[in-house]
1. Of the residues that sit in region A:363-413 and are of a type in the set (D, E, K, R) and part of a loop (DSSP other than H, G, I, E, B), which one is surrounded by the most Cβ atoms within 10 Å (Cβ to Cβ)?
2. Exactly one condition in (1) closer than 21 Å to residue A:178 by Cα; (2) more than 22 Å from the chain's Cα centre (by Cα) is not met by residue A:228; state its number.
3. Which residue is farthest from the other protein chains (Cβ to nearest Cβ), if the candidates are limited to region A:244-290 and must be among the hydroxyl-bearing types (Ser, Thr, Tyr) and in contact with a strand residue (DSSP E or B) (Cβ under 6 Å, 6 or more places away or on another chain)?
4. Identify all residues within region B:196-235 that are β-branched (Val, Ile, Thr) and either surrounded by fewer than 22 Cβ atoms within 10 Å (Cβ to Cβ) or modelled with pLDDT under 90 (or both); write none if there are none.
5. Can you tell me which residues in region A:188-204 are surrounded by fewer than 17 Cβ atoms within 10 Å (Cβ to Cβ) and not small (Gly, Ala, Ser)?
6. Which numbered condition in (1) modelled with pLDDT under 90; (2) in contact with a helix residue (DSSP H, G or I) (Cβ under 6 Å, 6 or more places away or on another chain); (3) not assigned by TED's automatic domain parsing to the domain that holds residue B:153 is the only one that residue B:57 fails?
7. Please find, among B:175, B:179, the residue that is in contact with a Gly (Cβ under 8 Å, 6 or more places away or on another chain), within 14 Å of another protein chain (Cβ to nearest Cβ) and of a type in the set (A, V, I, L, M, F, W, C).
Amino acid sequence: MKKHALLFSLITLLFLSQGSHSFCGFYVAKADSKLFNQSSRVVMTRDGDRTVLTMSNDFKGDVRDFAVVIPVPTFLEREQIHITNNALLDHLDSYSAPRLVEYFDEDPCMLRIMKRGMVATAPMEDTEIQRQAEALGVTIEASYTVGEYDILILSAKQSNGLITWLKQNGYRIPEGAEPVVNSYLKQDMRFFVAKVNLEEQAKLGFSNLRPIQVAFESPKFMLPIRLGMINAEGPQELFIYTLTRKGRVETTNYRTVKIPTGMELPEFIKNNFGNFYQDMFNTQVEKENRRAVFLEYAWDMNWCDPCAADPLSDQELKELGVFWIPDPMLPNDPPTTRKIMPQPKEVFITRLHVRYDQQHFPEDLFFQETGDRQNFQARYVIRHPWKGETNCPAAEEYQEKILPRRQQEEIKTLATLTGWDIHSIRKKIPGIKPVEEVPWWKKLWDD
Amino acid sequence: MVIDPRYYQIGILGLLLIYGLLVLDLEIQPEQVLWILITAQLTQFGFTRWLQLPKFDPRSALISSLSLCLLLRTDSLLLASLAAFVAIGSKFLIRWNNKHVFNPTNFALVILILCFDSAWVSSGQWGRDLLLVLLVACLGMIVISRSRRSDITLAFLGFYTVLIFGRGMWLGDPLTIPLHQLQNGALLIFAFFMISDPVTTPNSRTGRILFAAVVSSVAGFIQFSLYEPNGVLYALTVSCLLTPFIDHFLPGEKFAWEKPNAGNPLPDRQGECYEKTRATV
């Protein structure tokens, strides 16, 4: 009896895995964050008040010009700052990216048979910097060199003193920053400023700037975006990946909208998936009057279906600050109780994509973690028609009616989603048959 | 003939629910709406029988449950039902001086959020679509003026606006920020449909204005010092505990939805707080 039970569960497992595979289609392509120019990526790992922020942007100029000024809610010790690698963020980005899947139509003749069968800066001396800062009412609370970055934690009495000091020390602060800096100072925020230490960078041998990580404890679940919007040329692109314990994350002061998903698209999108996704995103942004944050992925980190990339390993999650999973380097179980099945990690990823500017996003982004653990992914489908030989009445119906109708629907969907001209889309699909509209009365009587 | 203002309220909440479902895609499951509505009515019916009240009145329970449908988010039908039960049950069980202490919807939301991870309120999901704001405000105003308790809504909105703009000015923020914080559909639903509940607010006008000041201050503190979203919801629950004291020191005429029969006074233990004195509507 036990044997049967085991056999049954194995068969079920097999069927389930086959079923889910064909259900979600075969992965073809993804639309990752690199498609969008001037984008920043932030990973927010949070449980309770404990937060780890990982920040990266696609800075392409001379590293000597690179500087970041980030408001942070608390003072940061040296050990609360860490530099990680871009590959980690690339992996997280690929794992959660919008994806294209494909299906292949089966032989329409075989389908019919089956249906019948089953109904179913210039360096300065430290003391001099300190003295200069004090004169301006700026306190350098700490100064660290971490990886290739020189980092300072600053607090100030007045924003003008801080801004003067930053300018004197080679930070390019845009005009109009003063009231924003002042507002953050009054909200008890400190400023985390970082520049590239060229010597350290040369020693380490990294050509690209690596993401900076900070770990802190604060009830503020937010991202300060206001400083970055001053004098920004046009809207900016931000990808936020949150790793939480309970469930999906959403913004509390802006609408979080699910990006349209599950649509069937024409075959040629296989080679144009990036363009498709960019234009669809643009259309959705406009549709929501440029005031929404878009949800692109919400998933339990244990799995994916279909996978645009493998889920992150425990080691990678730990690096991103997921402190609540057991240390992957330590054996957490004695050998006698070795677990065969992988254990749930209690890590839920949310990928949010926002295009923001000062006019439509006047306030910083505030978030909350919800209890929603429903999986969501931006997934699009192409169906390849059956191209083999056919010789049955069902095939005729498939070729003359079912397929052209489906293709016309796919064209309409694509035009609606992207705003592309419907005639130009049609031109890209050679050999598409027009759907013959049969007047309703033709089907009325037999004669 | 004056129509009971609760019909307006039911109609408007119903319209908002449909708007939320069809236009805003608020992710409210139709079956969740059904479970909440049915549980609320069953609870109301059960308590009516248990307490041997003369008449089963579905209206207030319907208003509470429609508000719950609009604001509560959960993946669990069981929790949705529990919320409806807590809301209506609290009317009958947590009482002081023949009035229920807490606003039923507000109490249920706070209890559910605090006790269960899988229940939350998505205040940002209403967005700041100006058209919707105007719609909500105007429609809500009709309800308020009909139920003659518009003073508390206006007082709350006044105090909260002063607080938000005051904070913005102190921080030196551009006006767009406080304006953005105020143009929030959820806040207006709260102001026009929740805090305005005539039964759980103080009886005197001075008391109500004092109450509105307390709610907005506590809400501001929770929102901006504790950084908790849904500050207004917690603030109302906490402030409701003060209502008996406010009523004691600033007495006023109790509110009643309906005029009782002169020769047949209604018992005190009612969910809707009928009053033996003159009806105000």
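1. Keep residues of region A:363-413 that are of a type in the set (D, E, K, R), which gives A:363-364, A:369, A:372-373, A:379, A:383, A:387, A:389, A:396-397, A:400-401, A:405-406, A:409-410, A:412.
If we keep only those that are part of a loop (DSSP other than H, G, I, E, B) as well, we get A:363-364, A:372-373, A:387, A:389.
On the way: A:363: 18, A:364: 18, A:372: 22, A:373: 15, A:387: 9, A:389: 8.
Going through the qualifying residues, I end up with A:372.
2. Condition not satisfied by residue A:228: (2).
3. Pass one, region A:244-290, residues among the hydroxyl-bearing types (Ser, Thr, Tyr): A:244, A:251-252, A:254, A:256, A:261, A:277, A:283.
Those still in the list that are in contact with a strand residue (DSSP E or B) (Cβ under 6 Å, 6 or more places away or on another chain) too: A:244, A:251-252, A:254, A:256, A:261.
Details: A:244: 11, A:251: 5, A:252: 4, A:254: 6, A:256: 7, A:261: 13 Å.
Within region A:244-290, the match that is farthest from the other protein chains (Cβ to nearest Cβ) is A:261.
4. If the condition is that a residue be β-branched (Val, Ile, Thr) and either surrounded by fewer than 22 Cβ atoms within 10 Å (Cβ to Cβ) or modelled with pLDDT under 90 (or both), then B:199, B:200, B:201, B:206, B:209, B:214, B:218, B:222 are the ones that fit.
5. Of the residues in region A:188-204, the ones surrounded by fewer than 17 Cβ atoms within 10 Å (Cβ to Cβ) are A:188, A:198-200, A:202-204.
Listed by number, the residues that qualify are A:188, A:198, A:199, A:200, A:203, A:204.
6. (2)
7. Numbers: B:179 fails: in contact with a Gly (Cβ under 8 Å, 6 or more places away or on another chain).
So the residue among B:175, B:179 that is in contact with a Gly (Cβ under 8 Å, 6 or more places away or on another chain), within 14 Å of another protein chain (Cβ to nearest Cβ) and of a type in the set (A, V, I, L, M, F, W, C) is B:175.
Residues checked against (1) modelled with pLDDT of 90 or more; (2) aliphatic (A, V, I, L, M):
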site	(1), (2)
B:15	no, yes
B:22	no, yes
B:38	yes, yes
B:113	yes, yes
B:116	yes, no
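The values are calculated or read from the model by the stated rules, or taken from the named source; none is laboratory data. Everything numeric in this text was worked out from a predicted model, so none of it was measured. All Cβ positions, even for glycine, are placed from backbone atoms using ideal geometry, and neighbour counts span all protein chains on display.
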